[in-house]
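Contents: one structure, followed by commentary.
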Amino acid sequence: MNPLARFQGNAWFQAGRMAYLALFAITLIAAASWLFSNVRQIEPDKRAVVMRFGAVSRTAGAGLLLAWPEPLEQVEILPAADRVIEHHVTALLRKDIVPAWTNTGGEKSDAVAGAGYLLTGDSGVVQLDVQVYYVITDPVAFVLQGGHVLPALDRLTEHEALAICASRDLDTILVARPEMVGNSSNIAERRERLRGDLRQGINQQLAALNTAGSSTGIEVMRVDVQSSLPPAAVDAFNAVLTASQQAEQNIASATNEAARVHQDAVQWADRALQVSQAKASEQIARASTDTATIVQLANDHSPELLWRLWRERMPAILAHAGSVTAVDPHDDAHLILPGPDRPSSQP
């Protein structure tokens, strides 16, 4: 046999053998990798649910997890029981609802006009932006429900938000009229209870699903709500607020003007009273001066002088009177009446 041919045959044999060994090694590595694919370390803030052929087999906490490879067993990694998960409920947002209801031709249906708005008990309109924070209480039920958990949570939140808004007026949901903030403490307390009532209502509906055998395996721990008004309503409320502030300013100006006028009137009345009192004092002093002589004579018991002064001064006093009727204080049966004027003598 040709030595060259023998060498070539040995070379092909060695190459095939090396390829076979390499393929065998790769196969062993792939088999080992597949066999230990579900052997993993579970972090402290997570837990695992192991499913065997689609049925829940067991749950495992933090630590090393040993499970058969897929498709024999599937491993679902979930947050731990004390980890709070945040979920933004977009089913109540107008910006997410309107595009879905818009026709392909660009026209909008009539339902879009009120999409994303909730009707309050006093026929007001409000929009709620809700953030839900929940924990997984039953990992098996959560895994079995799978992708239906969050849509169910959105529906329950939307339903409860609709019921809560319908049972409240606008002022107990948000501060639409700032002038009423301090008027009633009850309204402020009901506004603060909105989040608690929403969380309680969602949990009650989740408990009802659990009783009906359709548990989602979650519990809502906290709900954050941001309420707002439609843009047109905001403009209207701003106009009302501006008018109210203007009215309050006008009332304040009128009150100040009334106070100023009242103060001026009081000052004028005080001044008139002081002037009147001064004039009265002056007239009393003048009258006392004018009657001092007669009073002194009366005190001195001089009837002759009194009659003489009477006769001297009474004509001048009576001359200013239009008519005089004299009555004797000791004899009221006789009256002294003025007679007719005597005609003047002709020359």
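The values are calculated or read from the model by the stated rules, or taken from the named source; none is laboratory data. Because the structure is predicted, anything quoted here is derived from the model rather than measured. Cβ placement follows ideal geometry from the backbone for every residue including glycine, while neighbour counts extend to all protein chains displayed. The accessibility values were calculated without ligands, DNA or RNA, using every heavy atom of the protein model including side chains. Shrake-Rupley method; radii C 1.70, N 1.55, O 1.52, S 1.80 Å.
A few points about this structure:
- Put 20, 134 in order of accessible area, highest first, and with a 1.4 Å probe you get 20, 134.
- J(HN,Hα) series, the range 149-163, from Karplus relation 6.51 cos²θ - 1.76 cosθ + 1.60, nearest Hz, glycine and proline x: 5, 5, x, 5, 5, 4, 5, 5, 5, 4, 4, 6, 5, 4, 5
- Computed over protein heavy atoms with a 1.4 angstrom probe, the accessible surface ordering of 142, 24, 53, 36, largest first, is 53, 36, 24, 142.
- The largest accessible area among 23, 309, 35 belongs to the first residue in 23, 35, 309, and the rest follow in falling order (1.4 Å probe, all chains).
- If only the Cβ of Lys and Arg carry +1 and only the Cβ of Asp and Glu carry -1, the dipole of the range 41-89 around its Cα centre is close to 160 debye.
- Mean Cβ count within 10 Å, highest first, over the residues of peptides 64-71, 124-131, 25-32: 124-131, 64-71, 25-32
- Less than 5 angstrom separates the built amide H of residue 37 from none of the residues sequence-distant by 5 or more or on a different chain.
- Cβ crowding within 10 Å averaged over residues, with 85-91, 247-253 ranked highest first: 85-91, 247-253
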